[in-house]
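Working notes, beginning with the structure itself.
Any read-out appearing in this document is the output of simple, stated calculations on the displayed coordinates, not a laboratory observation. Since this is a predicted model, take the numbers as computed values, not measurements. Note that each Cβ is placed from the backbone with ideal geometry, even for glycine, and that neighbours are counted across all protein chains shown.
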Amino acid sequence: MSPNLGRRQMLRVLGTGAAGLLVSRRAIAQQAQLGLPPPRRLRGRRLEPGLVQAELTAAATTVRVADAWAELWTYGGSFPGPLLRVREGDRVRLRLTNQLPEETNLHLHGLHIPPAVDNPFLAVPPGEAATYEFDVPRGSRGLHWYHPHVHGRVARQLFAGLAGPILVEPATAEFALSGAEEHILVLKDLELDGDRPAPHLPPDWRRGKEGSLRLVNGTLDPVLVATRGALRLHILNASNARYYRLALQEHAFHLLATDGHALATPVVVEEILLAPGERAEVLVLLERQGTFALLDLPYDRGAAMMMGGMGGTGVGREAVQLMTLVRRTERAPRLLPTALATVEDFRGRPADVTRGLVLGEAMMGARFSINGKEFDPTRVDLASRLGNLEIWEIENRGGMDHPFHLHTYPFQVLSRNGVAESAVVWKDVVNVRRSETVQIAVPLRDFAGRTVYHCHIAEHEDQGMMGTLDVAPG
Ligand SMILES: [Cu+2]
């Protein structure tokens, strides 16, 4: 692939199974590509060994984004929010100050911590602050993230820019990956209306709001120049509703972890579908010197009928270039590790409780439900007991895909439409395609309390597709 990719109107996607796709001219028309900026690091203070204290302020901030100045809502003045980098076993004291004109809060997405701390029912009023104090659990190494979770306000606050990555480092190095250079990619789309995030229009509340700017770490089509041939990428989809179907020209991905949980062994995949909220950790071995595009291939999540031919749908036939990887070095990449982690296997284990959850869309308008009910924070939808192993059968009866997310308790996907999954992996978001029933195993471990499960298309969550789970002490 020639390095003057940016001036070409189309290119063949090689080795991805998507040959012949057109790459969006709009997306590759950027003449001056910027380097990939790493997320700014949240400066925490280590008061004593193992205790990290950090401050996050949510406020309207003018930032430079896609060749324009825009007033976004940010954490700590940066878009995306700053990286909280901690270690397994650390105690974290994170203080959120709300300088927004409305209430907000924090969800620590992916961290297995008590619901009383990661509390979606708590709201921090404007001008006030709250402290989130928790222990980073063993086994949580990997990429997680934080974002607001006040019901009814999530979609607008997230779209306006409020999201940031959390990287948990293992207590002891478990991977033979020291030869790879490590990067965090926060995928987040945005649409500007003048110098502000575009407001939600009525169709956005039904289909989920997408922006035409598909940004990586807040930058349009950045370039990552690799100093080594092996790249370890932690990728987060922090978008409201946009799915990313990722492919890298001429290369496969070696999938290392899903939603921050290591696989037993690396799995070679040609592409990765990331629904909102999902993360993937991959090893990329650049096989030769050259320039390779990271592409977002078309994916039909079922929102097309609601799109009315408007732009930014992601359902056309065009692939969009998200960023460029450049390998300059002659050095050959290191070999792959063969074993990553020991992963418990819940297949075939007897469940204490089996439940069905039906995801529903109202025929008209933008209302969403689970088991026929819209979210009510005062109601208990599922009651259980600490220590139970539950099997949930999540059935999507709607016309769109819905990425299902459960707080606090990671789960394993057992089957899709009765077909067993081939690999055992831990997840906290699973995409449930339309007309699909996904069966998951949910061990309710360590923490009792009341929390939520919901669709991670933020508009669907705000419009009712959420329920409560109350786990009594064992
Ligand atoms: Cu949904």
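How about LYS188: which lysines have a C-alpha closer than 24 Å to its C-alpha, ignoring those fewer than 8 places off in the same chain?
LYS209, LYS427
Between THR62 and GLU191, what is the label-to-label distance in nm when each label sits 7 Å out along the Cα-to-Cβ direction?
So the two model labels end up 2.5 nm from each other.
At a 10 Å Cβ-Cβ cut-off, how would you order LYS188, LYS427, fewest neighbours first?
Sorted ascending by nearby Cβ count, the order is LYS427, LYS188.
What is the ratio of the Cα radius of gyration of region 187-303 to 2.2 N^0.38 Å, where N is its residue count, to two decimals?
1.16
Which of TYR453, TYR75 has the fewest other C-beta atoms within 10 Å, and how do the rest follow up to the most?
TYR453, TYR75
Debye calculation, C-alpha points only, no solvent: report log10 I(q)/I(0) for region 45-169 at q = 0.15, 0.17 Å⁻¹, in the same order as the q values.
-0.66, -0.84
Estimate the FRET efficiency between TRP69 and THR354 by the formula 1/(1 + (r/R0)^6), using the beta-carbon distance for r and 41 Å for R0, to the nearest 0.05.
About 0.15, to the nearest 0.05.
If I model region 31-110 as equal point scatterers sitting on the Cα atoms and use the Debye formula, what is log10 I(q)/I(0) at q = 0.17, 0.27 Å⁻¹?
-0.79, -1.35
Would you compute the Debye intensity of region 242-296 from its alpha-carbon atoms alone, equal scatterers and no solvent, and pass along log10 I(q)/I(0) at q = 0.20, 0.28 Å⁻¹ to two decimals?
Debye intensities relative to I(0), on a log10 scale: -0.73, -1.18.
Would you order SER239, SER415, SER178 from fewest to most other beta-carbon atoms within 10 Å of each residue's own beta-carbon?
Ascending number of Cβ neighbours within 10 Å: SER178, SER415, SER239.
Once the cut-off is 33 Å, how many percent of the Cα-Cα pairs in the chain end up in the long-distance tail?
Every Cα pair in the chain considered, those over 33 Å come to 33 percent.
Treat region 353-472 as a sphere of radius equal to its Kirkwood radius over Cα pairs and apply Stokes-Einstein at 10 °C in a medium of 1.306 mPa s; give the translational diffusion coefficient in µm²/s, rounded to a whole number.
In µm²/s, the coefficient rounds to 111.
Please find the FRET efficiency linking GLU250 to LEU34, where r is the Cβ-Cβ separation and R0 is fixed at 35 Å, and quote it to the nearest 0.05.
0.90
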